[in-house]
Amino acid sequence: MSDIPYIDEAEGLEAPRPQFGGRELPAGATAKTLFSYNAWDNVQWNTEQEELARLRVSSNSNITFSKEEISNFEDSANIFWDEFYNIHNNRFFKDRHWLFTEFPELAPDYTEAPQRVYPNDLSADNKEDALISLRKMEALNLIENPSVKVIKNEKRTIFEIGCGVGNTVYPILEYSKDPRLFIYCCDFSSTAISILKENKAYDQDRCHAFVLDATADDWNLPFDEESVDILILIFVLSAINPTKMTHVIAKAYKTLKKGGLLIFRDYGRYDLAQLRIKPGRCLAENFYARRDGTRVYFFTQEEITELFTSAGFTEEQNIMDRRLQVNRGKQLTMYRVWIQAKYRKI
């Protein structure tokens with residue numbers, strides 16, 4: 001297996017948790033405070049910690065693979081991912097229920113017309129619920145100002161690239177009561193798609209899963225270009241050869257309708273996963289092969305901005321999520337670094 005289990009960051013946290021940035025460790029916190037929650041947001045690294053991370057990455061960044069071996073990781077990528085899903089099936093990942101907190105655009109229920117809410121007149125009792133409603137409506141562009149809300153009856157389409165076994169798709173299908181919603185989802189691994197379709201919750205009237213190599217020159221899609229409202233890229237771009245990322249993003253851009261939104265979350269530079277990689281696994285700068293043959297890249301915020309804005313997207317969010325996760329039972333601390341972003345097709 002890989003140097004670090006290939007699991008998605010926040011999925012093991014207690015639920016519900018506040019949106020990113022909502023739980024910060026107070027200055028001078030005691031050990032009792034530190035281990036009172038599973039995670040803390042916006043944890044600042046000191047100079048020594050930053051330098052240790054840089055040295056660790058420097059030590060595991062020597063490329064010792066031959067050109068033939070590097071080519072094999074590229075040519076056999078589908079085989080490695082099929083083997084991964086054959087081993088883990090659908091038991092390895094937890095469903096991403098946290099997505100509704102971090103990305104209210106995916107919030108499941110838009111079927112009821114919202115009440116008229118005026119933010120300046122909110123009482124302490126209803127302020128939180130009202131703000132959540134506002135976020136939902138703003139996410140769908142249902143309002144042009146905070147005092148007028150209009151629900152549209154148009155079909156709403158979500159497309160996820162790199163859906164795996166459905167850990168994003170199924171929470172949306174499970175909780176959504178929106179009859180307008182249809183989800184398309186694809187993955188490089190035919191095994192993953194087979195597992196996804198075997199799930200008893202798979203509903204062909206609400207979802208269509210298919211195999212797609214996102215790095216291919218041509219995409220054979222079951223829907224028209226410029227028809228997608230929301231495109232999801234979560235812990236997917238990092239698995240792609242960096243030389244092919246611009247192509248994938250350009251193709252993704254074409255699927256979105258004007259005003260459509262792309263939501264993104266992936267590994268950041270100096271994440272614990274990068275620091276744990278053993279020497280001898282480097283394929284290119286900040287790009288590694290895990291022991292199971294799957295690959296992973298670690299981004300900076302600047303790289304993400306350049307990749308997406310160069311493709312024509314307008315940046316709406318780009319957050320460096322430095323999070324301190326703790327194991328309260330074993331009294332262990334783990335520093336994670338992810339990048340969370342949103343991009344709009346104008």
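The values are calculated or read from the model by the stated rules, or taken from the named source; none is laboratory data. Not measured: the values here are computed from a predicted model. Reconstructed Cβ throughout: ideal geometry from the backbone, glycine too, with neighbour counts over all protein chains shown.
Scan G293, G280, G312 and give me the residue that is in a loop (DSSP other than H, G, I, E, B) and within 17 Å of V57 (Cβ to Cβ). It is G280. Y270 fulfils the conditions (1) under 27 Å from L106 (Cβ atoms); (2) over 15 Å from the mean Cα position of the chain (by Cα); (3) touching a residue at least 40 places away in the same chain (Cβ under 8 Å) except for a single criterion, (1). Residues that are among the β-branched types (V, I, T) and farther than 19 Å from N78 by Cα: does region 317-324 have at least one? Looking for residues that are among the β-branched types (V, I, T) and farther than 19 Å from N78 by Cα, one finds at least one in region 317-324, hence yes.
The residues on offer are A216, A209, and the sole one that is assigned to a loop (DSSP other than H, G, I, E, B), free of Cβ contacts under 8 Å to residues at least 60 places away in the same chain and small (G, A, S) is A216.
When C163 is tested against (1) within 22 Å of E105 (Cα to Cα); (2) crowded, with 18+ Cβ neighbours inside 10 Å; (3) in contact with a Phe, Trp or Tyr (Cβ under 7 Å, 6 or more places away or on another chain), exactly one condition is not met: (3). Count of region 141-168 residues, restricted to those that are hydrophobic (A, V, I, L, M, F, W, C), modelled with pLDDT of 50 or more and farther than 21 Å from E226 by Cα, is 1. With the condition kept exactly as written, say whether any residue in region 303-310 is closer than 20 Å to W45 by Cβ, touching a Lys or Arg at 6+ places or on another chain (Cβ under 6 Å), surrounded by 18 or more Cβ atoms within 10 Å (Cβ to Cβ) and assigned by TED's automatic domain parsing to the domain that holds D266. Within region 303-310 (the criterion being closer than 20 Å to W45 by Cβ, touching a Lys or Arg at 6+ places or on another chain (Cβ under 6 Å), surrounded by 18 or more Cβ atoms within 10 Å (Cβ to Cβ) and assigned by TED's automatic domain parsing to the domain that holds D266), the answer is no, since none of the residues qualifies. Quickly run through region 197-220 and pick out the residues that are hydrophobic (A, V, I, L, M, F, W, C) and either at pLDDT below 95 or farther than 14 Å from C163 by Cβ (or both). Selection gives A201, A216, W219.
Residues in region 191-206 that are of a type in the set (S, T, N, Q) and not in a loop (DSSP other than H, G, I, E, B): T191, S194. Right, F223: outside any loop (DSSP other than H, G, I, E, B), among the aromatic types (F, W, Y) and touching a residue at least 12 places away in the same chain (Cβ under 8 Å) or not? When the stated conditions are applied, F223 does not pass them.
On the given criteria, is A273 assigned by TED's automatic domain parsing to the domain that holds L99 and buried (at least 22 other Cβ atoms within 10 Å of the Cβ)?
Numbers: assigned by TED's automatic domain parsing to the domain that holds L99: yes; buried (at least 22 other Cβ atoms within 10 Å of the Cβ): yes.
It is true that A273 is assigned by TED's automatic domain parsing to the domain that holds L99 and buried (at least 22 other Cβ atoms within 10 Å of the Cβ).
Within region 235-267, can you find the residues that are among the small types (G, A, S) and in a helix (DSSP H, G or I)? Spell out how you get there, then give the answer.
Taking region 235-267 and keeping what is among the small types (G, A, S), we get 238-239, 250, 252, 259-260.
Passing the criteria: S238, A239, A250, A252.
I'd like to know if region 314-324 contains one or more residues that are within 20 Å of V228 (Cα to Cα) and surrounded by 16 or more Cβ atoms within 10 Å (Cβ to Cβ). No, the conditions are met nowhere in region 314-324.
Please specify each residue of region 151-198 satisfying the condition of being among the hydroxyl-bearing types (S, T, Y) and either within 16 Å of I232 (Cβ to Cβ) or touching a residue at least 24 places away in the same chain (Cβ under 8 Å) (or both). Spell out how you get there, then give the answer.
Restricting attention to region 151-198, the residues satisfying the condition of being among the hydroxyl-bearing types (S, T, Y) are 157, 168, 170, 175-176, 184, 189-191, 194.
Passing the criteria: T157, T168, Y170, Y175, S176, Y184, S189, S190, T191.
Of the residues in region 58-73, none is surrounded by fewer than 13 Cβ atoms within 10 Å (Cβ to Cβ), modelled with pLDDT under 90 and outside any helix (DSSP H, G or I).
Taking (1) closer than 30 Å to E51 by Cα; (2) part of a strand (DSSP E or B); (3) of a type in the set (A, V, I, L, M) in turn, I232 satisfies each apart from (1).
Select, from P222, P242, the only residue that is under 30 Å from E50 (Cα atoms) and in the same structural domain as Q317 (by TED's automatic domain parsing). Step through it out loud before you land on a result.
Numbers: P222 fails: under 30 Å from E50 (Cα atoms).
Sole residue among the options that is under 30 Å from E50 (Cα atoms) and in the same structural domain as Q317 (by TED's automatic domain parsing): P242.
Residue under question is P179, and the condition is that it be of a type outside the set (D, E, K, R) and modelled with pLDDT under 70; does it hold? Judged against the criteria, P179 is not a match.
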